[in-house]
Amino acid sequence: MVNWIWLFFIVVSVVVAAVNGRIDAVTQAAFDGAKSGVTISFGLISIMVFWLGMMRIAEDAGVLKKMAKLLSPVVRWLFPDVPANHPAMGYIMSNLSANLFGLGNAATPMGIKAMQELQKLNPDQETATPAMCTLLALNTSSITLVPTTLIAIRMNYGSANPAEIVGTTLAATFVATGAAILADRWYRRRSGPPPANKQYTSDKTSGKALPAHTAMDPPISAVSTVKGGGDRV
């Protein structure tokens, strides 16, 4: 759908430019946009490399695991319908941790994997579960301690103080996350408890082995996954 919207804008701009005899302006704008895209991309590399390096140091020092343990009670409260030892919990915490540092590239694959794992718990494959909606809301409004991408863009455009947005970004994302959680709690109370996943319940009662990684041990680190690229979910 988004592709059709962009195609519509492109076609309309070309038609309007042709009618007004300004095709050259459209051509120049296209080249300028491509140039700006490349310039911004190179500007993002430096700040991304720095923070990914810091994340790798934090991972090797065990800080990320400690953060996962710290977030574990909060995540279990936010996702009461997801079993504590289910792989989705590890991916969810990795996604939230990456978003805290403004690393959308790392958050994307974590969010996708979390959704895939949550889908395995979904008794109705055609309808999103409350846990899926909660993850989407938190991923979209996530509290950001360091807006890495925005700082890089401001640096690229010559901002005198690119990091001055940290305070306002933190306040804005804090309010957005609070609103998302309140809305999520309200809708959860309205819809009632979700139906249990029979397959997962039967696996637990039968003693069948569950995946080795748990919520306390995130399956894939944000640092190693970011190599795949992508934006926030």
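The values are calculated or read from the model by the stated rules, or taken from the named source; none is laboratory data. Values in this document were obtained by computation on a predicted structure and should not be read as measured data. Methodologically, a virtual Cβ is constructed for each residue, glycine included, from the backbone with ideal geometry; neighbour enumeration extends over all protein chains shown. Just the protein is used for accessible areas: all its heavy atoms, side chains included, with ligands, DNA and RNA removed. Shrake-Rupley method; radii C 1.70, N 1.55, O 1.52, S 1.80 Å.
Key figures
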item: Unique match (being over 27 Å from LEU150 (Cα atoms) and either open to solvent by less than 60 Å² (accessible area, probe 1.4 Å) or within 31 Å of the chain's Cα centre (by Cα) (or both)) among VAL19, VAL26; result: VAL26
item: Residue that is part of a loop (DSSP other than H, G, I, E, B) and of a type in the set (D, E, K, R), where the choices are GLU117, GLU126; result: GLU126
item: Subset of the stretch 132-148 [open to solvent by 50 Å² or more (accessible area, probe 1.4 Å) and closer than 25 Å to SER41 by Cβ]; result: THR140, LEU145
item: Residue check for LYS113: open to solvent by 10 Å² or more (accessible area, probe 1.4 Å), under 29 Å from ALA152 (Cα atoms) and not polar (S, T, N, Q); result: yes
item: Those helices (runs of 4 or more DSSP H) lying entirely in the stretch 130-233 with at least 3 residues modelled with pLDDT under 80, out of contact with any Leu (no Cβ under 9 Å at 6 or more places or on another chain) and farther than 22 Å from ALA58 by Cα; result: 198-206
